[in-house]
Amino acid sequence: MSIQQPLGPRLHKSHISVAQNASGRHLNVPIYELSDGIDGPTVYIQSSIHGAEVQGNVVIYHLIQALKNITINGKIILVPNCNPVGTNIKAGEYTLGRFDPVNGTNWNRGYHFDSKQIEDFAAKVSKNDKVDLIKHEFKAALKASIDEKLNQAWGLGLAQQLNLKLQRIAVDADFVLDLHNGPVSTRHIYIPEYAKESAQLFSIPHCIFIPNIFAGALDEACFCTWWTLSEELLKRHNTQCNFGIEAFTLEMGSQEVIDFSEGQKDADSILGYLASKSVIDTSKYRPAKMQRIGVYLKDYKTLFTDFGGMVEYSVKPGDFVKKDEVMARVLNIDDLDNEQGVGQVLAPCDLIPMLHFPSASVLSGTQLFKCFTNFFEV
Ligand SMILES: [Zn+2]
């Protein structure tokens, strides 16, 4: 008689139509659901909502490979390449993946958040309601309002439709990870301030802590909703409800890049987080011991160039840069014969650039760098 090996997680693959092109073809994305039928949290991970930010797809590939051999307590939902419209808009060598080409809106700004809905819901919660019940009912309410938006008679823009269809799945999750890339970028992660401790659970060296302000992105739509609800309930009943919901945006290097070995590290980092949250049953993945540098969102600054021209980026993402250090040199074509030929962009204070613009030719007013200022060790 042979000993039965554990079968490992069961994988269920389905598809969802997130858009329809002018020829009438539905643009489907795959949804990979992994579960061993054990009770536990739900995890939702998507990649490439911005079409040029493709590295998350290789991360999801590595996650699926690893999860085949790991017991899952709960459910993990993976949605790679969640924006097939964005991925396919090419102009020559480049992918124009940041904006819905029809309406011009950022693909990561159309998710649902409604503070009035949260207030109204909180008003109906009674003091003795259990957290699980509140969570269950509020998720149902969120799904109903997303459906209502999707079915409204006046319709919605392309990006918002796509966002809401994805969010409808993410609403069920306790942990939401949205995988992005910067233009030319070092690894960093956006973390809600209340989940600051979770910075230690990822192997990512740079952490941006965000307040309870919704600006349209998926992570905010997830955590601001539950954060606001717990604040409302605290006001009304003087009790602290911990819904245990966390959501993050992970920026995994530069756009237009697929790197399998870096992707393995990113997947291991996510598995370390999931192991710490007991979603997966393994001691193989642990958050790395590393220096982590944090910043509050208000101190995450954009450096614009006042000059247009051809740029040499003199500092790299992740470098420590001193005030007045040259960050970029801009070649001015009309003044190559005199001292105005080269303009310099200086660091306004001590900082760490996280990312810079990907092109060497820039117009004045271009966002050249995004930088940590007033940073601290986490
Ligand atoms: Zn992005």
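Miscellaneous remarks
- Residue that is most open to solvent (accessible area, probe 1.4 Å), among those in the stretch 214-241 that are outside any helix (DSSP H, G or I) and touching a helix residue (DSSP H, G or I) at 6+ places or on another chain (Cβ under 7 Å): Q240
- Listing of helices (runs of 4 or more DSSP H) fully contained in the stretch 44-158 that carry 2 or more residues being within 16 Å of the ligand (Cβ to nearest atom): 55-67, 84-87
- Pick from the stretch 316-334, criterion among the β-branched types (V, I, T) and more than 11 Å from L351 (Cα to Cα), ranking: surrounded by the most Cβ atoms within 10 Å (Cβ to Cβ): V330
- Of G244, G253, all but one fail to be open to solvent by 20 Å² or more (accessible area, probe 1.4 Å) and either part of a loop (DSSP other than H, G, I, E, B) or more than 18 Å from D120 (Cα to Cα) (or both); the exception is G244.
- For the stretch 251-284, filtering for residues that are over 18 Å from D36 (Cβ atoms) and free of Cβ contacts under 8 Å to residues at least 60 places away in the same chain leaves 1.
- The single condition among (1) within 22 Å of L355 (Cα to Cα); (2) in contact with a Pro (Cβ under 8 Å, 6 or more places away or on another chain); (3) small (G, A, S) that G244 does not satisfy is (1).
- Verdict on F202 being in contact with a Phe, Trp or Tyr (Cβ under 7 Å, 6 or more places away or on another chain) and within 18 Å of P287 (Cα to Cα): yes
- If you go through the stretch 261-281 and keep only what is touching a Leu at 6+ places or on another chain (Cβ under 9 Å) and either open to solvent by 40 Å² or more (accessible area, probe 1.4 Å) or not in a helix (DSSP H, G or I) (or both), you end up with S276, K277, I280.
- Residue in the stretch 320-327 that is out of contact with any Asp or Glu (no Cβ under 6 Å at 6 or more places or on another chain) and at positive phi present: yes
- In the stretch 117-135, the residues that are farther than 11 Å from L233 by Cβ reach residues that are among the polar types (S, T, N, Q) with C-beta atoms within less than 7 angstrom, at least six apart or across chains, in these pairs: Q117/S145.
- Residue count, the stretch 166-200 (criterion: open to solvent by 10 Å² or more (accessible area, probe 1.4 Å) and touching a Pro at 6+ places or on another chain (Cβ under 9 Å)): 9
- Residue that is away from the ligand (no atom under 15 Å from the Cβ) and either charged (D, E, K, R) or crowded, with 19+ Cβ neighbours inside 10 Å (or both), where the choices are I204, I258: I204
- Candidates in the stretch 71-97 are the residues that are over 17 Å from the mean Cα position of the chain (by Cα) and open to solvent by less than 10 Å² (accessible area, probe 1.4 Å); of these, the one that is farthest from K165 (Cα to Cα) is I72.
The values are calculated or read from the model by the stated rules, or taken from the named source; none is laboratory data. This structure is a prediction, so every number in the text was calculated from the model and none was measured. Every residue, glycine as well, gets a Cβ built from its backbone with ideal geometry; the counts of neighbours run over all protein chains shown. Surface areas here come from the heavy atoms of the whole protein model, side chains and all, with no ligands, DNA or RNA. Shrake-Rupley method; radii C 1.70, N 1.55, O 1.52, S 1.80 Å.
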